[in-house]
Amino acid sequence: MFPYPEQYRIAMPPMLTGLMVVWALLSRLVFGDASVLSLYPLLALFPIIILLHLYLIWDARSMGRLDQSFYALIHSALAFVVWTFAIMHVNGEGFS
């Protein structure tokens, strides 16, 4: 179906991180500050990214497990920062 399925499989965690940013920006415009409809998908995306990294480590086809682990470590730390700021952006003035 896709010309390079392995590259798409490896790129899924960063694509989900990008989806997290796009969702945070668009949902704040559509739903406003501190909407449950915009917050709950964000709360689910980071654990999905972690589980996807664990799956990639377990099923390391194109890269070794050590390489996949390093990739997961670096991307998880960066995705956590993006996730935190996305939640803060979606909540807006909802904390005060």
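The values are calculated or read from the model by the stated rules, or taken from the named source; none is laboratory data. These figures come from a predicted structure and were not determined experimentally. In this analysis, Cβ positions are derived from the backbone assuming ideal geometry, glycine residues included, and neighbour counts consider all displayed protein chains. Accessible surface areas use protein heavy atoms only, side chains included; no ligands, DNA or RNA. Shrake-Rupley method; radii C 1.70, N 1.55, O 1.52, S 1.80 Å.
Can you tell me the 0 to 90 degree angle between the C-alpha axis of helix 65-91 and the longest principal axis of the chain, rounded to 10? With rounding to tens, the tilt is 10 degrees. Restricting the chain to trypsin sites (Lys or Arg not before Pro) that sit in a DSSP loop and have at most 10 other Cβ atoms within 10 Å of their own Cβ leaves ARG61.
The residues of the chain have, on average, 66 Å² of accessible surface per residue, using a 1.4 Å probe with all protein chains present.
Diffusion coefficient of the chain by Stokes-Einstein, Kirkwood radius over Cα pairs, 4 °C, 1.567 mPa s: 91 µm²/s. On the basis of the beta-carbon distance and an R0 of 35 Å, GLU6 and GLU93 show a calculated FRET efficiency of 0.20. Within region 67-96, which residues have the backbone N less than 13 Å from the label spot 7 Å out from PHE31 along Cα→beta-carbon, could you tell me? Within reach of a label on PHE31: 87-92. The angle between the Cα long axis of helix 36-58 and the main principal axis of the chain comes to about 10°, on a 0 to 90 degree scale.
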